[in-house]
C-alpha cells in the first residue's frame, strides 16, 4: 500500500539521518556510543513521522522537515534516558533492551541525555533549508514544548502524583505536558514548515491535542491488555507502581470510550483543515489500534 | 571606581533578570523553586559578565546582551546541578549551600537541570532586540559550546580521566571543553552582538582560549592554597579524589608560571583587537588573582 511504504521510507530516512548527525561529532567515543545506543534502539518514531506526514499534507518535500524531525526524536530519546534513571522510574528495560544507564552507567546516561537535548537545538539552527525567522520560531516552540512549561513540567507533576489519588483533570495536565506538548509540536512544526495558514494551524493544534491524549489512553490500556513481547517491557507496571491511569479513573471500558471520543474529535478537526491528510488519518488509525 | 561599580550594576541586572525569567513560568512550583534555588545561589556570574564586558568594549548597550547573558548563566547552572549529582561528583555543598539534589531530591535536580538547559534556548529565541539571523548563529554556537563537542564532551572526558594519570594535553582537552568552550562563547557572543569584524572575532576567540585555561589553572591552585570559607567548598578535594590538575602535572610553581604566561598571551591578544577593553582587562585581573 502506498501510504505504508511512504511511512516506511520516512522511517528509514529518519533513522539514517539520526546516525548521520551523530557519527561526525568531534566528541569522546563514549558519549557518541551512548547517544547512538538509545537513538538506534528502535521505537515507533511517531513524532518525526507526524511532522513529515503533516508536511506531506501541505505537499512539501520531506527534506525541508528532516532536521526538525531528527531534533524531535533526539529530545524524545533524551527524555526516555532520563526518565529511566534509578532516581526516576528506575527501569532496566526499554523496548526490550537494557536501558542506557544499565549499559553506560548513570553518569554517562545523564550526560548522553544532556548531549541529545543540547544538540537538538544545534541541528535546527544549522539547517540550510529553512529561513532564520522560521528556525527561530521552531526553536522557541520546541524549547517551550520540551521545557518547564511542557514536557519537563509534566514529568515533575507525574512524579509528584505517584502514590496519590489524582483527579482526571490532574491526569490530563500530566499527559498534556509530559507527552502531549511534544506530540503537538510535531504537528505544529510540520504545519509551520508547510506554510499553513493561521486557521489551519489552530485546527491542527486542537487536532494534536486530542491525538496526544488518545495516544496516552492507548498506552494505559496496553499496560493492562498488551502483550509484553510486543511492548518490550513488563505489563501491569502502572498498577504495581500505583500510577494513576485512565482505566483506574474511568474503568477499562470508560477509557476505551474516551479513546474513541478523542479520536472522533481529532478526525473531525482534521477534515476541517482542508489539507491532503491521508497520511495523518492513517497515523490516527495506528495510534488508536496500536499494540505496542 | 567606575569599572567596579559598572560590573556590580551588571551583576545586579543579571540576577534580577534571571529571576524575572523564571517567575512567570506556567510550571509546577517545585521545578520553578529548584531552578531558582540554584540560579540564586550566588557565584561570580563570570560568563554573563564577560559577555556584557565584551559588548561594552564595542560600545553597545547592555540590554541587547542580557538575554544571552542569562541563557549562559542558566546553562552554566544546569551543568553545576548535574555535576554535583551522586553519580557524578557527589557533592553535598556548592557555594556553601546544600546542592540542588540535597534540597529537592535527585529526580527534581536532574529535571531542574534539564529545564534550565532547555529554557536557555527559548530565552535567546524569544529575544526581541536581536535579528533572527544573529539569534540562529548565537543558538548554534551555544549548543555547540555546551553539547557533546563542548562542555558535555569535556565532562565525559573528565569522568573517564578520574583515577588515571593523564598527560598535560589530555588535561587541556578536558578544560578547554568542560569550562573553556562556554567561557569562550561568552566572549564570542558579546563580540557577535557588538558587531565585531571577523578579525576581531578571531583575536577575541584566541584571547578567550587563554583566559579559559588560566581560569582553570587558578581553580586548581585555589584547591591547594585557597580558604574554604571563601571558596564555599572543601579544599584539597582534587588530591583526595585523585583528580589530575595543573599543580599535580607541573608542580605548584609551574602551574603559577603557566597561569602568568597564559594571562600575558591573553592581554597581548586583547590589545590587538583595538577595542575599549578596560572592563575585560579588569576581569582578566580578577581571574588571575581571585580567591574564590
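Summary table below
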{"item": "Number of partner chain Cβ atoms within 10 Å, mean per residue of B:121-129", "result": "6"}
{"item": "The stretch A:1-74 - Rg and Dmax from Cα coordinates, angstrom", "result": "13.2, 43"}
{"item": "Residue of chain B nearest the B-to-A rotation axis [by Cβ], rounded angstrom distance", "result": "B:132, 2"}
{"item": "Distance histogram for the stretch B:128-170 (every C-alpha pair counted, 5 angstrom bins, percent rounded to whole numbers)", "result": "5, 20, 18, 15, 12, 10, 7, 6, 5, 2"}
{"item": "Two-site FRET efficiency, residue B:9 against residue B:198, from Cβ-Cβ distance with R₀ of 41 Å, rounded to 0.05", "result": "0.85"}
{"item": "Fluctuation leader among A:101, A:177, A:76 - chain A, Gaussian network, Cα springs under 10 angstrom", "result": "A:101"}
{"item": "Pair residue A:281, residue A:205: separation of 7 Å Cα→Cβ label points (nm)", "result": "2.6"}
{"item": "Stokes-Einstein translational diffusion, the stretch A:63-178 - Kirkwood Rh over all Cα pairs, 1.567 mPa s, 4 °C, in µm²/s", "result": "84"}
{"item": "Distances in nm from residue B:168 to the matching label points in the other copies, shortest first (labels 7 Å along Cα to Cβ)", "result": "7.1"}
{"item": "Highest-first arrangement of A:66-72, B:34-40, B:200-206, A:194-200, where packing means the average Cβ count within 10 Å", "result": "A:66-72, B:34-40, B:200-206, A:194-200"}
{"item": "Ratio of Rg to Rh over the protein assembly as shown (Cα coordinates, Kirkwood Rh, two decimals)", "result": "0.99"}
{"item": "MRE, 222 nm, helices only [DSSP H, n ≥ 4, -39500 (n - 2.57), over chain A, to nearest 500]", "result": "-23000 deg cm²/dmol"}
{"item": "Within 10 Å of each Cβ in A:132-144, the average number of Cβ atoms from other chains", "result": "6"}
{"item": "Radius ratio Rg over Rh of the stretch A:2-289, counting only Cα atoms, Kirkwood formula for Rh", "result": "0.95"}
{"item": "Peptide-level mean, for B:87-95, of C-beta atoms on other protein chains within 10 Å", "result": "2"}
{"item": "Normalised contact order of chain B, rounded percent, pairs of Cα under 8 Å and 6 or more residues apart", "result": "21"}
{"item": "Förster radius 41 Å - calculated FRET efficiency between residue A:272 and residue A:93 (Cβ-Cβ, nearest 0.05)", "result": "0.50"}
{"item": "Computed FRET value (nearest 0.05) for residue A:227 with residue B:60, which takes r as the C-beta separation and R₀ as 56 Å", "result": "0.35"}
{"item": "Simple spin-label estimate for residue B:26 and residue B:264 in nanometres, 7 Å along Cα-Cβ", "result": "5.9"}
{"item": "For residue A:133, label point 7 Å along C-beta direction: distances to other copies, nm", "result": "1.4"}
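Every number here is computed from the coordinates shown, using simple stated rules; none is lab data. Source: prediction; values computed, not measured. So basically every Cβ, Gly included, is an ideal-geometry build from the backbone, and we count neighbours across all protein chains shown.
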